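Everything on this sheet refers to the single structure shown next.
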Amino acid sequence: MNGPPEHRPPLLLRIYQFYRDGFRQMTVGRTLWKIIFIKLFIMFAVLKFFFFPDFLATTFSTDAQRADHVIDQLTQSAQGYTNPVKGERL
Amino acid sequence: MIENLDLGMVNWARAQFALTAMYHWIFVPLTLGITWIIAFYHSIYVKTGNEEWKRLTKFWMKLFGVNFAIGVATGIIMEFEFGTNWSNYSWMVGDIFGAPLAIEGIFAFFLEATFFAVMFFGWNRVSKGFHLFSTWMVAVGSNLSAVWILVANAWMQHPVGQAFNPDTARFEMQNFAEVAFSPYAINKFTHATSSSMLMAAFFIISISSWYLLRGRHIVMAKRSIVVAATLGLLASVFTIFNGDESAYEIAQVQPMKLAAFEGLYEGQTNAGLVAIGLINREKKVYDQQEPFIGFNVHIPGLLSLMANRSFGSFVPGMKDLVYGNAEHNILGAVQKMERGKKAVASLDAYKQAKKADDKAAADVHLASFNEYKEFLGYGYLNKPEEAVPPVALSFNAFHVMVILGSLFPLIFLGYLYFSYKGNLAEKKWLLGLGTITYLLGIMASQAGWIVAEVGRQPWSIQDLLPTTIARTNLTAGTVQTTFFMFLALFTLLLIAEISIMVKQINIGPEEN
C-alpha cells in the first residue's frame, strides 16, 4: 500500500537547509571561518582603510585630473643621459 | 625629476610586493593542483563505490579546505598595493586589466561559492553524480580564476594588443585575442598550472610518505601516492616542455632576461647552457671580469637551441643588448635610450601644445611620439647599464628551478616503480626524500617567479614603463611600516595554517 505522498520543501528552503546543516556539521571548518573573518576584518577594516588608500582616487576627483597627473609624472621623470664611458650627453 | 625619486621607496614597495606575492603563491599552487587530484580520487570512489576511496577523498578535501581558508584573499592585498604604491602603473594598465579581472573575480567567486559548498557538504545529501560534478567544477573554477591574472602578468612581460593613449595616459586594449592568447600568456598559464599540479602531487606524497614511515594509514597512503605520482609525473614532464617553450618566448621578446639568467655577457653562436657554475656577483656588464668563479661546465649549443631552435644560432649577451651589436643587427639600450628620450620629449611637447590649444603643433608632436613610443621606457633610464636585471639572483633562481624541475620526474617515477613492485613501504630512503618533496616543489615554484619578475627588471611593463616610474611618490617610511605589518600578519597566518594542517594530518582520515 502506498503511504501519503512525501512533502518536499521548496527549492530555496532546501538550499538554505543544505547550507545550514553543512555549516552546523563543520568541525575544523569553524576555526577556519573564524580565521577568514578575522583576516578579512584586518585587511579591509584596518589595512585598506588606514594604510592603503587608493592614491589617485583619493587625491583627485576626476579622471581627467588623474590622467594629467600621470602624464606629468611621465614627462617630468626623464632626464638626459650621460654616457659613462665617453662622457657624452645625449 | 628622476634624481629626486625616492629609490628607497621603490625598493621597499618592490620588497613588499614580493613578500605578498610569494606568500600568496604558497597557497595558490596547492589549490590549483590539488583540486584536480581530489577530483580524480572522487571519480575513482564514484566508479568503484569503494569506501576507502571516499575516506581518502574526504581527507584530502579537508587539507585542501585548510589551505584554501588561510590563503583566500591574500591576493587582494596586492590590489591594495597597486592603488597605493603603484598608482601610475595602476592607472596606465586599468583599461587592459580592470574589467576582465573584475568579471573573472565575480565569475570565479560564484562558481567556487556554489560548487565549493556542494563539494564539502554534499556527501549523502546530493546525488553522487552531481556531487562529483561539483568537485570537478571546483577544480575548473579555481584554475579559471588564475587565467586573467596570469594573462596580465604575461602582458607586462610582452605588451601586445595595446596602444598607448597620450591623452588619458593609459594603455588601451586594441585586440583582446592578441592579449588573451599571446604565446607568452599561454605558456605562462600552462607552466603555472602544470607546475601547480606537480606541487600538489608532492604535497600528497610528502604526507603519505610520512604515514608510510610511521606505519599509519598504509592503504590510504599507498593509494593516494599512486594517483598523485601518476598525475605528478605527467605534470612534471609537461612542465619541462612548456618551460622550454617559455624560454624560447623569452629569448624572442626579453633577450636580456635570458642572457641574465644564463650569465651570458658576451653574445655567442653555438651558445652553451650552464650545467655547473658559480656566478661572479661582482661582475658588471662593462668590465672585463670573468662571469663565473672557478670551475664551470657549459653544454655546447644547448642555449642556442633553447633560444632559437637552432644549435648554431647566435644568442645575444648582455653587452650586445646594452651597447648594441651592428654585426648581428642588435639595437642596444644606448640607442634605445636616445629614441626613448625623444618619445618622452615628444609626449611633453604634445602635452604643452594641447594646453596652449595649438592643434597643429600637437599633431606634429604626436606623430613624433608615435614614431618612438615603442622605446618610451628607455627614456627614463639614466644609463644603459640600468637595462640589466640583477644577474646573480636571476641566474641562481633559474638554475635552482631547472635542477629541481629535472629531478622531479625521477622522483615520481621512483614512487610509481616501487608502488608497482609492491615494496614502496620498505624504501625508507625514498620515503624520507618524499617527505621533503613538497618543500622542494615550493622552492622550485618560487624560484620560477623570481626568474620571471627579477629577470624582467628594470621594467614594470617591458620596454615601456620602468619600475621607478610605475610607483606612487610616497616616502619609504610609509611603505616600510606596512611591509613589517604584512610580515607579522603573514607569519601569524602561516603559523595558523601549519598548526591546523599538522593537527589534521596527525588525526588522519579516520576521524573525518
Extreme residue, positive dipole direction of the protein assembly as shown, given options A:Ser61, B:Asn165, B:Phe369 (C-beta unit charges): A:Ser61
Taking every residue in B:74-87, how many Cβ atoms of other protein chains lie within 10 Å of its Cβ, on average? 4
Roughly how many debye, to the nearest 20, is the charge dipole of the stretch B:335-378 about its Cα centre, given +1 on each Lys and Arg Cβ, -1 on each Asp and Glu Cβ, and no other charges? 140 debye
Rank B:Ala21, B:Ile250, B:Leu56 by how far each Cα sits towards the positive end of the charge dipole of chain B (+1 on Lys, Arg Cβ; -1 on Asp, Glu Cβ) and give me just the farthest. B:Leu56
Qualifying lysines (Cα of each under 27 Å from Cα of B:Lys373; at least 8 residues distant if same chain): A:Lys86, B:Lys188, B:Lys257, B:Lys319, B:Lys336, B:Lys341, B:Lys342, B:Lys351, B:Lys354, B:Lys355, B:Lys359, B:Lys383
Which value in nm describes the separation of the simple spin-label points at B:Leu439 and B:Ala102, placed 7 Å from the Cα toward the beta carbon? 4.4 nm
With the contact rule set at Cα under 8 Å and sequence spacing of 6 or more, what percent relative contact order holds for the stretch B:261-317? 46 percent
Relative contact order, percent, chain B [alpha-carbon distance under 8 Å, six or more residues apart]: 20 percent
Restricting the stretch B:183-260 to trypsin sites (Lys or Arg not before Pro) in coil, as DSSP defines it, with at most 10 other Cβ within 10 Å: none
Sequence neighbours fewer than 8 away in the same chain don't count; with that in mind, list the lysines whose C-alpha is under 17 Å from B:Lys54. B:Lys62, B:Lys128, B:Lys222
Straight distance only, please: which aspartates and glutamates reach the Cα of A:Lys48 with their own Cα at less than 15 Å, same-chain residues fewer than 8 apart left out? B:Glu79, B:Glu81
Would you please put B:410-416, B:316-322 in order of how densely packed they are, using the mean number of other Cβ atoms within 10 angstrom per residue and starting with the highest? B:316-322, B:410-416
Can you tell me what the convex hull of the Cα atoms of the stretch B:335-410 projects to on average, as an area in nm²? 7.6 nm²
Three principal axis lengths of chain B [C-alpha, angstrom, descending]: 78, 54, 41
Largest-first principal axis extents, alpha carbons of the stretch B:402-462, Å: 52, 16, 13
Obtain the nm distance between the two label points defined at A:Leu40 and B:Asn370 by a simple spin-label model: each point lies 7 Å from its Cα along the Cα-to-C-beta direction. 4.8 nm
Angle, helix B:218-253 long axis vs. longest principal axis of chain B, Cα atoms, 0 to 90°, nearest 10? 10 degrees
Mind pulling the angle between the C-alpha long axis of helix B:87-121 and the longest principal axis of chain B? Nearest 10 degrees, somewhere in 0 to 90. 10 degrees
In whole Å, what are the Cα extents of the stretch B:261-317 along the three principal axes, biggest one first? 32, 23, 14
In bins 10 Å wide, starting from 0, what share of all Cα pairs of the protein assembly as shown does each bin hold, as a percent? 3, 15, 24, 24, 18, 10, 5, 1, 0, 0, 0
Taking Cα atoms, the helix B:183-214 axis meets the longest principal axis of chain B at an angle in degrees (rounded to 10) of 30 degrees
Put +1 on the Cβ of every Lys and Arg and -1 on every Asp and Glu Cβ in chain B; which of B:His399, B:Val388, B:Ala349 then has its Cα farthest towards the positive end of the dipole? B:His399
Evaluate 2.2 N^0.38 Å with N set to the residue count of the stretch A:11-79, then give the Cα radius of gyration divided by it. 2.05
Rounded to a whole number, the mean other protein chain Cβ count within 10 angstrom for residues of A:29-35 is 5
Can you bin the stretch B:374-512 into rounded, prolate or oblate? Criterion: square roots of the alpha carbon gyration tensor eigenvalues sorted a ≥ b ≥ c, rounded for a/c under 1.5, prolate for a/b above b/c, oblate for the rest. oblate
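None of the figures in this text is laboratory data; all of them are computed from the coordinates on show. Bear in mind that the values here come from a model prediction, so they are computed numbers and not experimental data. Using ideal geometry, Cβ is built from the backbone for each residue, glycine included, and neighbour counts are taken over all protein chains shown.
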